[in-house]
Amino acid sequence: MIERPALPYRLRPDAAIVRSVSQVAALWVASDAGFYFLLPMLGVQISYNSGSVAITLYYFFWSGIAVITFWDRYIHWVRFENRLASYLIWCAVFAGCTLFAAYVLPQLAPTKWTQPWTPPDVVVATPWYFLPKSVDILFQQLLIVALVLGLAEHRFSVRQISMTCAVLFGAMHLLLAFGGMPLGYVLRFMVAAAIFGLIFPSLILNVPNGFAFSYMAHWTYYAITVVMPRIFSAPSP
């Protein structure tokens, strides 16, 4: 479990929440604004399938911004207790993600899309989809860790932190509407994000290598979202 460092001063609980949430939300909103408005101005197609390299670099940039912005929080995070276990876990995570994207997904039948509107990227995902999505998830996880650690430093309970993360993580997915995603999908991702927001803080604060497990749970959700319509829409043999 993380050791919460002593603070030279204590913010009021409401002020601590506002400060932590506003800092994380500001980066999240700024990154989404750049994605939906700046990238198209630069001629980048905002599709994880067809603009995968540019979007990967874009979220790699924002991951660096997150690390720089919240370094004072990350630096106090619990150290690796068993580096060998950490190596093995991260290798397993990387191998699992690569195996799915490069070998499993191409073997599945493509989704049959019959709606008159353009499908979300995740529904018609190609293996290239998971290149930018993996870095996008990394960026989101870095923001979640910053929020969790920021509140933990001010002695908030895991339950309080989880509730705050659920509200913020769910609300931030409203921004998907700017990409033209249908309301039903937006609500679905909001609910899923809120549920994960309840789970991530406990993994991050209480579980060794919890960041890896948090990342993998987040990534797996998108893998399942990609697979399910392909399975149910596949033609009968």
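The values are calculated or read from the model by the stated rules, or taken from the named source; none is laboratory data. What you are looking at is a predicted structure, and each value in this text was computed from that prediction instead of being measured. Backbone-built Cβ (ideal geometry, glycine too); neighbour counts: all protein chains shown.
When Gly96 is tested against (1) outside any helix (DSSP H, G or I); (2) within 19 Å of the chain's Cα centre (by Cα); (3) small (Gly, Ala, Ser), only condition (1) is not met.
Out of the stretch 163-199, which residues are touching a Phe, Trp or Tyr at 6+ places or on another chain (Cβ under 8 Å), assigned to a helix (DSSP H, G or I) and of a type outside the set (A, V, I, L, M)? Those that are touching a Phe, Trp or Tyr at 6+ places or on another chain (Cβ under 8 Å), assigned to a helix (DSSP H, G or I) and of a type outside the set (A, V, I, L, M): Thr164, Cys165, Phe169, His173, Phe178, Gly179, Phe196, Gly197. Ile137 passes every criterion in (1) modelled with pLDDT under 95; (2) under 23 Å from Met172 (Cβ atoms); (3) in contact with a Phe, Trp or Tyr (Cβ under 7 Å, 6 or more places away or on another chain) apart from (1). Scan the stretch 106-137 for residues that are of a type in the set (A, V, I, L, M, F, W, C) and under 17 Å from Thr56 (Cβ atoms) and report the count. Counting residues in the stretch 106-137 that are of a type in the set (A, V, I, L, M, F, W, C) and under 17 Å from Thr56 (Cβ atoms) gives 7. For the stretch 179-202, a residue qualifies if it is over 16 Å from the mean Cα position of the chain (by Cα), exposed (fewer than 14 other Cβ atoms within 10 Å of the Cβ) and touching a residue at least 12 places away in the same chain (Cβ under 8 Å), and exactly one does: Gly180. Restricting to the stretch 58-87, what's the tally of residues that are in a helix (DSSP H, G or I) and either in contact (Cβ under 8 Å) with a residue 40 or more places away in the chain or surrounded by 13 or more Cβ atoms within 10 Å (Cβ to Cβ) (or both)? The total comes to 14.
Among residues of the stretch 145-163 that are farther than 14 Å from Phe200 by Cα, those with a beta-carbon under 7 Å from a residue that is part of a loop (DSSP other than H, G, I, E, B) at least six positions away or on a different chain give the pairs Glu153/Arg4; Glu153/Pro5; Glu153/Leu7; His154/Arg10; His154/Leu11; Arg155/Arg4.
Search the stretch 123-160 for residues being small (Gly, Ala, Ser) and outside any helix (DSSP H, G or I), and hand back the single one that is farthest from Asn49 (Cα to Cα). Among those residues, the one meeting the criterion is Ser157. Among residues of the stretch 105-122 being farther than 10 Å from Asn49 by Cβ and of a type in the set (A, V, I, L, M), the one that is nearest to the chain's Cα centre (by Cα) is Leu105.
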